[in-house]
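Student: If you scroll down you'll find the structure; I have some questions about it.
The values are calculated or read from the model by the stated rules, or taken from the named source; none is laboratory data. Everything quoted here is computed from the prediction, not taken from an experiment. A quick note on method: Cβ atoms are made from the backbone with ideal geometry, for glycine too, and the neighbour counts reach across all protein chains shown.
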Amino acid sequence: MEKGKILVIEDEDGIREVVSEALHLYGHDVAVCPSGSAALKRLREERFDLVITDLVLPECDGFEILKYINEQGINTPVIVLSGYLAGDAKEKALSLGATQYLQKPVSVKELIDIVRSFV
């Protein structure tokens, strides 16, 4: 039984695979994008129940993804997974509409628990 349609935007293969496999095991329909430009294309073509994005991405970053979602009026929660330790990245992401900001590395259990609160 599918619970939600989730877009995972992550350029690191290992993290992308672990996150997408875990979400799939919990019954979610998961789409993955390894770059910001690929994610923007998917967001133009499809609607998602949740977006999970890194901030550091090839071609355009997670901040640009958040700006696009805001500008287009897309009403989708966004979880940011980031390796940034600086508080200003968290503040900027939240000010651009991120619903949650999680520091990498994040446990799969913690991520799944948070995802459950959205979809």
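Student: Any idea which residue in the stretch 76-94 is modelled with the highest pLDDT, counting only those that are part of a helix (DSSP H, G or I) and more than 18 Å from residue 9 (Cβ to Cβ)? Write out each step before concluding.
Tutor: As a first pass, look at the stretch 76-94 and keep what is part of a helix (DSSP H, G or I): 87-94.
If we keep only those that are more than 18 Å from residue 9 (Cβ to Cβ) too, we end up with 87-88, 91.
Details: 87: 70, 88: 89, 91: 92.
For the stretch 76-94, the residue satisfying everything is 91.
Student: Moving on. Answer yes or no: is there a residue in the stretch 30-40 that is assigned to a helix (DSSP H, G or I) and touching a Ser or Thr at 6+ places or on another chain (Cβ under 8 Å). It would help to see each step written out before you state the result.
Tutor: Filtering the stretch 30-40 for residues assigned to a helix (DSSP H, G or I) gives 36-40.
Then keep just the ones that are touching a Ser or Thr at 6+ places or on another chain (Cβ under 8 Å); that gives 39.
Yes, the conditions are met somewhere in the stretch 30-40.
Student: Return a yes/no flag: does the stretch 74-82 have any residue that is of a type outside the set (Phe, Trp, Tyr), surrounded by fewer than 22 Cβ atoms within 10 Å (Cβ to Cβ) and farther than 19 Å from residue 5 by Cα.
Tutor: Within the stretch 74-82, one or more residues are of a type outside the set (Phe, Trp, Tyr), surrounded by fewer than 22 Cβ atoms within 10 Å (Cβ to Cβ) and farther than 19 Å from residue 5 by Cα.
Student: Another question about this same structure. Let me spell it out: the conditions are (1) among the polar types (S, T, N, Q); (2) surrounded by 19 or more Cβ atoms within 10 Å (Cβ to Cβ); (3) without any contact (Cβ under 8 Å) to a residue 24 or more places away in the chain, and residue 95 meets all of them except one. Which number is the exception?
Tutor: Just one mismatch for residue 95, condition (2).
Every residue, every condition in (1) more than 19 Å from residue 16 (Cβ to Cβ); (2) over 12 Å from the mean Cα position of the chain (by Cα), yes or no:
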{"residue": "79", "(1), (2)": "no, no"}
{"residue": "88", "(1), (2)": "yes, yes"}
{"residue": "98", "(1), (2)": "no, no"}
{"residue": "102", "(1), (2)": "no, no"}
{"residue": "110", "(1), (2)": "no, yes"}
{"residue": "113", "(1), (2)": "yes, yes"}
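Here's the yes/no breakdown for (1) without any contact (Cβ under 8 Å) to a residue 40 or more places away in the chain; (2) aliphatic (A, V, I, L, M):
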{"site": "70", "(1), (2)": "yes, no"}
{"site": "79", "(1), (2)": "yes, yes"}
{"site": "83", "(1), (2)": "yes, no"}
{"site": "103", "(1), (2)": "yes, no"}
{"site": "108", "(1), (2)": "no, yes"}
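Student: With part of a loop (DSSP other than H, G, I, E, B) and under 16 Å from residue 111 (Cβ atoms) as the only criterion, which of 73, 14, 97, 27 stands out?
Tutor: On the way: 73 fails: under 16 Å from residue 111 (Cβ atoms); 14 fails: part of a loop (DSSP other than H, G, I, E, B); 97 fails: under 16 Å from residue 111 (Cβ atoms).
Answer to the selection: 27.
Student: So which of 49, 54, 61 is closer than 18 Å to residue 18 by Cα, surrounded by 13 or more Cβ atoms within 10 Å (Cβ to Cβ) and not polar (S, T, N, Q)? Step through it out loud before you land on a result.
Tutor: Numbers: 49 fails: closer than 18 Å to residue 18 by Cα; 61 fails: closer than 18 Å to residue 18 by Cα.
None of the others qualify; the one that does is 54.
Student: Would you confirm, using the coordinates I've provided, whether residue 29 is surrounded by fewer than 18 Cβ atoms within 10 Å (Cβ to Cβ) and within 15 Å of residue 118 (Cα to Cα)? Even if it seems obvious, please write down each step before you answer.
Tutor: Values: surrounded by fewer than 18 Cβ atoms within 10 Å (Cβ to Cβ): yes; within 15 Å of residue 118 (Cα to Cα): yes.
When the stated conditions are applied, residue 29 passes them.
Student: Restricting attention to the stretch 54-70, which residues are in contact with a Cys (Cβ under 9 Å, 6 or more places away or on another chain) and either outside any helix (DSSP H, G or I) or at pLDDT below 95 (or both)? Even if it seems obvious, please write down each step before you answer.
Tutor: First, pick out the residues of the stretch 54-70 that are in contact with a Cys (Cβ under 9 Å, 6 or more places away or on another chain): 57, 68.
Hit for the stretch 54-70 is 57, nothing else.
Student: Would the stretch 34-43 turn up any residue that is closer than 16 Å to residue 68 by Cα, charged (D, E, K, R) and without any contact (Cβ under 8 Å) to a residue 24 or more places away in the chain? Before the answer, list the steps.
Tutor: Taking the stretch 34-43 as the starting set, the residues that turn out to be closer than 16 Å to residue 68 by Cα are 35-43.
Subsequent filtering for residues that are charged (D, E, K, R) retains 41-42.
Next cut, without any contact (Cβ under 8 Å) to a residue 24 or more places away in the chain only: 41.
For the stretch 34-43, residues closer than 16 Å to residue 68 by Cα, charged (D, E, K, R) and without any contact (Cβ under 8 Å) to a residue 24 or more places away in the chain: present.
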